[in-house]
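A quick write-up on the structure given underneath.
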Amino acid sequence: MLRFIRCTLIFGLLIGTLMSGARAAEPPSPSQLEQEIAALRAEIQALRAQTGPDAQRLNEIERQLQVLAQEIETMKLGEAAVTAGAADRSNNGMGPAASKIYRTGNGLAIGGYGEAVYRNFDGKLQDGSRSTASDEADLQRAVLYFGYKFNDRFLFNSEVEVEHAVTASDKDGETEVEFAYGDYLWKPQANLRAGLVLMPVGLLNEYHEPTVFLGMGRNSVETAIIPTTWREIGFGVYGEAGPWRYRTYFTNGLDASRFAADGIGEGSGEGSHAKAEDLAWVGRLDFTGVPGLLVGGSAFTGDSGQGLLDTDGKRIGGRVSLFEAHVDWRWRGLQFRALGVRSRVGNAAAINRALGLEGEEGIGKAQRGAYAEVGYDLLSLRSSSRQRLIPFIRVESLDTQSEVPSGFERDPANDQRVLTLGFNYYPIDQLVVKANFLRVRNAARTGQNELHIGLGYVF
């Protein structure tokens, strides 16, 4: 616990230094712009008091000022990249940096993001026994986006990621292509996409850049229950009509031979020799008609047997069905996010027997999870500030074996509760410093608390 306290104090001093150094060159705030508008309106009134003013011109100026005032109010609502999809933030189901290709002219566009973290593990587990975990410092990922716009209709977009800094036989680092797809931009209501695509499920899978979510690590529900980063090879359609936005794809299915008691995430093909004996469908629909609000849901369904045979030599279907609903609301300095998800694995007993899994090792026939988080930008209370400091709290509940087939047992370690307390500090929009404390509990009493301190960037 003393290590936790020392790390927190040192980190607090670092944040104070960054905040004091970043105050010098702050652009005008919405409050300052409102004062300028008020001054212009006062000038209009003075002009009207004069003899023979141009009334038509004055009315036009006042109308334009009203439009500007409405735009400033929208700025103050704090439309987030994930919710608003503004032209200078997120586009077409991609994160802010990954959207760069949609905001450029013809030719090459390059972006990226990265995350570095220090993890401090509590010396004891939930039941009081001694922990053997070692503290670590890690460059979790360094990412480059490469996009190319051939013309106004056709473009290519991709993400290349290096995890844990080194790809070598004695390291667990990997070099991966997280997406690589082509778009045909027909019209706002309907566009075509094909290639290695991010599955449009949940709030993090598509929008996983470190500046767009709270906390150093991605939340447990959207990593254990919803695979992340979940991508498959497929094709589909996306677009928007009024306040509604949608994405729907046909892809290769999951691979049940890679499922485990702690979730279905390893069943993703990831575009690497992915088995395609069984195919799948995924779809998403969101409502964004209120500034700062995103509410919607997604569904995935498809067989996962991929040629796996049961003990009688018959093919196993293993249909996986996943449904989730989500809400993300930003209002002025307030941020609120919640998500609930359930999934089911058909023929789970037959899959377990085919894979030789017994007892608590068996794949659950149902998984469930939910979380809610709230944060508030304290610096939004200072009208001149263009920085952000967002303390937050998140509560999670998840179980990857919420139901198991007859003859198998639940592993209580997979029934988890996680409480996260922390903050994000943004000296500029493209850079975030994060710290959070995780209180982890499970039914087996083997949970371990963690402290994370780290840095994220996008460009």
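The values are calculated or read from the model by the stated rules, or taken from the named source; none is laboratory data. Predicted model only: the values in this text are computed from it and were never measured. Glycine also receives a Cβ, built like all others from the backbone with ideal geometry; neighbour counts cover every protein chain displayed.
Checking each residue in the range 265-310 for being closer than 18 Å to SER90 by Cα and part of a strand (DSSP E or B) picks out ARG284, LEU285, ASP286, PHE287, LEU293, LEU294, VAL295, GLY296.
This table checks each residue for (1) closer than 30 Å to GLU409 by Cα; (2) surrounded by 19 or more Cβ atoms within 10 Å (Cβ to Cβ).
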position	(1), (2)
GLU360	yes, no
ILE363	yes, yes
GLN367	yes, yes
TYR376	no, no
PRO391	no, no
GLU396	yes, yes
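For beta carbons closer than 6 Å, sequence separation of 6+ or different chains, a first residue in the range 268-279 that is of a type outside the set (S, T, N, Q) and a second that is assigned to a loop (DSSP other than H, G, I, E, B) and surrounded by fewer than 19 Cβ atoms within 10 Å (Cβ to Cβ), the qualifying pairs are GLU277/GLY307. In this structure, VAL320 does not satisfy being under 22 Å from the mean Cα position of the chain (by Cα) and β-branched (Val, Ile, Thr). Confirm whether GLY234 is out of contact with any helix residue (DSSP H, G or I) (no Cβ under 9 Å at 6 or more places or on another chain) and either crowded, with 21+ Cβ neighbours inside 10 Å or farther than 15 Å from GLY302 by Cα (or both). Spelling it out, GLY234 is indeed out of contact with any helix residue (DSSP H, G or I) (no Cβ under 9 Å at 6 or more places or on another chain) and either crowded, with 21+ Cβ neighbours inside 10 Å or farther than 15 Å from GLY302 by Cα (or both).
Taking the range 164-200 as the range and being surrounded by 18 or more Cβ atoms within 10 Å (Cβ to Cβ) and out of contact with any strand residue (DSSP E or B) (no Cβ under 9 Å at 6 or more places or on another chain) as the test, no residue passes.
Residues that are touching a Lys or Arg at 6+ places or on another chain (Cβ under 7 Å), of a type outside the set (A, V, I, L, M, F, W, C) and assigned to a helix (DSSP H, G or I) do not occur anywhere in the range 324-338. Put simply, of SER99, SER129 the only residue that is surrounded by fewer than 18 Cβ atoms within 10 Å (Cβ to Cβ) and among the hydroxyl-bearing types (Ser, Thr, Tyr) is SER129.
Limited to the range 222-264, what total is found for residues that are closer than 30 Å to GLY359 by Cβ, in a strand (DSSP E or B) and hydrophobic (A, V, I, L, M, F, W, C)? Adding up the residues that qualify gives 1.
Taking the range 201-211, which residues are over 24 Å from SER321 (Cβ atoms) and either hydroxyl-bearing (Ser, Thr, Tyr) or surrounded by fewer than 24 Cβ atoms within 10 Å (Cβ to Cβ) (or both)? Walk me through how you get there before you give the answer.
Taking the range 201-211 and keeping what is over 24 Å from SER321 (Cβ atoms), we get 209-211.
Once the filter is applied, which keeps residues that are over 24 Å from SER321 (Cβ atoms) and either hydroxyl-bearing (Ser, Thr, Tyr) or surrounded by fewer than 24 Cβ atoms within 10 Å (Cβ to Cβ) (or both), the range 201-211 yields only THR211.
In the range 97-123, of all residues being touching a residue at least 24 places away in the same chain (Cβ under 8 Å) and among the basic types (Lys, Arg), the one that is nearest to TYR184 (Cα to Cα) corresponds to LYS100.
Condition check ((1) assigned to a loop (DSSP other than H, G, I, E, B); (2) modelled with pLDDT of 95 or more; (3) aromatic (Phe, Trp, Tyr)) across all residues:
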residue: ARG368; (1), (2), (3): no, yes, no
residue: ALA372; (1), (2), (3): no, yes, no
residue: PRO391; (1), (2), (3): no, yes, no
residue: PHE408; (1), (2), (3): yes, yes, yes
residue: PHE423; (1), (2), (3): no, yes, yes
residue: VAL433; (1), (2), (3): no, yes, no
residue: THR446; (1), (2), (3): yes, yes, no
residue: ILE453; (1), (2), (3): no, yes, no
